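Quick notes on the structure that follows.
The values are calculated or read from the model by the stated rules, or taken from the named source; none is laboratory data. None of these values were measured; they are calculated from a predicted model. Reconstructed Cβ throughout: ideal geometry from the backbone, glycine too, with neighbour counts over all protein chains shown.
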Amino acid sequence: MKNKVIIAMVGFGNIGSYFYKTLLKNKKLIALKTGKIPIIKYISAKNLKKNRKTKIPKSKWVKNSLSLVYLKDVDIIIELIGGSEGMAKKLVFSALKNKKHVITANKSLIAKYGDELSKIAEKNKVNLEYEASVAGGVPIIRSIKQGLIANKISKIYGILNGTTNFILSTMEKSGKPFNDVLSKAKKLGFAESNPVSDLNGNDAADKIKILSSLAFNKKISNEKILVEGIQNINLVDIIHAKSLGYKIKLLGISEIRKNKLVQRVHPCLVVKNSYIGNIDGVLNAIIVDGFPVGRSILQGEGAGPGPTTSAIISDLCSILRENINYPFGVSSLLRKRIQNFDISNHICSSYLRIEVKDIPGVLSSITKNFAKNHISIKNLIQLPDKKNKKADIIIITHENLEKNFNKLLLNLSKNNFVTQRPTFIRIEKV
Ligand SMILES: NC(=O)c1ccc[n+]([C@@H]2O[C@H](COP(=O)([O-])OP(=O)(O)OC[C@H]3O[C@@H](n4cnc5c(N)ncnc54)[C@H](OP(=O)(O)O)[C@@H]3O)[C@@H](O)[C@H]2O)c1
């Protein structure tokens, strides 16, 4: 690779503009560490007429983003657009096909097309780097591929979405309801104006799919996985959980069980004083269990321009150092498909909040539903609301199968005493 390395970047929003400024500022440091001088020669975005805070010489702007992949002098394309389809997809596929190194921060693109893209990158002996796509400034991807290379990983899990962690921990600390805290998160810039994919768990699901593939050396699973978000978490559940010694966290969890892949994203009750239970605010934390390392934990800022730029520059340095490697750590030819574990056979204990009419006979009717589904109760608390003639029944169960909990929820929803869909949250041993 020549001494001066030419970069074309597409996307000059939150991340793109911050990355541009930071690279200019840290150019000498990067040159010192890599022996190469990175030069951003071309920049493209959707609307070139937009008034931007960061001023750029006119000569750098290119109208047709896709044309960049055909320029002979371009060594690296950085995609900072987002989304699994449209321009981001076209750009990354054609850049790799045209033998350009690619850096992307785009989790949805990698979760959906990572296998196809890595095949092209490997064939053309160029890098496909995507450290910023999972957990922002937490260097989990490079850690799995390099620092933890010696390990047979058995489980990887953690808090992969800072927005939802901020919402849940702020609800717990402030005692304010979901919608108030969501508005605060938007004001502080911790939630996007449209935070649907954060709240419904899809953002964390893309990330856990990428991590599973890296950790277990398998193709990215395209099977449907269990994904539940935090939209239905009520302040009362957070308060009840706290009084029982738990916190509620949205976790992404992946492990191999009986040669099958168990991948899931859902709110979990975790013991209040556990490591994960103490990760609050916008932080991300990822735990890797492996042999021989034992347990390894990485924690840090999961999003935002600073942490994301840190990850993008580490990808850039990897390319500048000519550290060409397989995008998923091992050759695409050796990464096999793995079947998903049948989640209905997953075993856990659980928390249920059942809102019922406050009249005689309710409790025995509810406990009959549990007995019918062979689910035994560990703790039961009844909280009457005399004024509204209703009561909350809080139940912690012993361990049971997911399919039995599903049947129980169905029975409860048909029970005439039950006034609302019960809240069901799995308890996770962490
Ligand atoms: N924000 C974070 O904290 C964070 C963290 C980790 C990863 N990421 C990832 O980083 C990427 C960028 O995120 P962001 O927050 O910077 O998004 P953003 O602020 O919305 O910026 C998107 C950029 O893409 C450009 N763009 C959109 N459609 C385009 C098209 N068809 N052709 C060319 N350019 C197009 C936009 O152009 P205009 O400026 O002209 O509108 C804008 O500059 C995404 O993949 C995101 O998932 C973000």
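General observations
- Close contacts from region 101-114, counting a first residue that is under 23 Å from Val5 (Cβ atoms) and a second that is acidic (Asp, Glu) and part of a strand (DSSP E or B), with Cβ to Cβ under 6 Å and a gap of 6+ residues or different chains, come to Ile103/Glu129; Thr104/Glu79.
- Any hit, region 108-120, residues being of a type in the set (D, E, K, R) and not assigned by TED's automatic domain parsing to the domain that holds Ile77: no
- Flag if Leu24 is more than 21 Å from Thr308 (Cβ to Cβ), assigned by TED's automatic domain parsing to the domain that holds Glu79 and in a helix (DSSP H, G or I): no
- Among the residues of region 364-387, those that are closer than 22 Å to Ile239 by Cα and either touching a residue at least 12 places away in the same chain (Cβ under 8 Å) or assigned to a strand (DSSP E or B) (or both) comprise Ile377, Lys378, Asn379, Leu380, Ile381, Gln382, Leu383, Pro384, Asp385, Lys386.
- Test: residue in region 101-123 that is more than 30 Å from Gly300 (Cα to Cα), more than 16 Å from the ligand (Cβ to nearest atom) and assigned to a loop (DSSP other than H, G, I, E, B): no
- Within region 180-196, residues that are in contact (Cβ under 8 Å) with a residue 24 or more places away in the chain reach partners that are aliphatic (A, V, I, L, M) and outside any loop (DSSP other than H, G, I, E, B) with beta carbons closer than 7 Å, at six or more positions or on different chains, in the pairs Ala191/Leu182; Ala191/Ala185.
- Test for Val282: is it in contact with an Asp or Glu (Cβ under 8 Å, 6 or more places away or on another chain) and at pLDDT below 95: yes
- Residue ID - surrounded by the fewest Cβ atoms within 10 Å (Cβ to Cβ), chosen from residues in region 26-52 that are within 30 Å of the chain's Cα centre (by Cα) and within 11 Å of the ligand (Cβ to nearest atom): Asn47
- When each of Gly281, Gly302 is tested for being of a type in the set (Gly, Ala, Ser), surrounded by fewer than 17 Cβ atoms within 10 Å (Cβ to Cβ), touching a helix residue (DSSP H, G or I) at 6+ places or on another chain (Cβ under 6 Å) and within 24 Å of Val227 (Cβ to Cβ), the lone residue that passes is Gly281.
- Of all residues in region 262-276, at least one satisfies being closer than 23 Å to Ile153 by Cα and of a type in the set (Phe, Trp, Tyr).
- The helices (runs of 4 or more DSSP H) found wholly in region 172-263 include none carrying at least 2 residues that are under 22 Å from Thr308 (Cα atoms) and in contact with a Cys (Cβ under 6 Å, 6 or more places away or on another chain).
- No other residue among Lys27, Lys72 is among the charged types (D, E, K, R) and over 17 Å from Ser318 (Cα atoms) apart from Lys72.
- Test: residue in region 79-86 that is without any contact (Cβ under 8 Å) to a residue 12 or more places away in the chain and away from the ligand (no atom under 14 Å from the Cβ): no
- Residues (within 12 Å of the ligand (Cβ to nearest atom) and either in contact with a strand residue (DSSP E or B) (Cβ under 9 Å, 6 or more places away or on another chain) or closer than 20 Å to Glu129 by Cα (or both)) located in region 53-76: Ile56, Trp61, Val62, Lys63, Asn64, Ser65, Leu66, Ser67, Leu68
- Filter pass, Lys403 being modelled with pLDDT of 95 or more, within 32 Å of the chain's Cα centre (by Cα) and closer than 19 Å to Glu428 by Cα: yes
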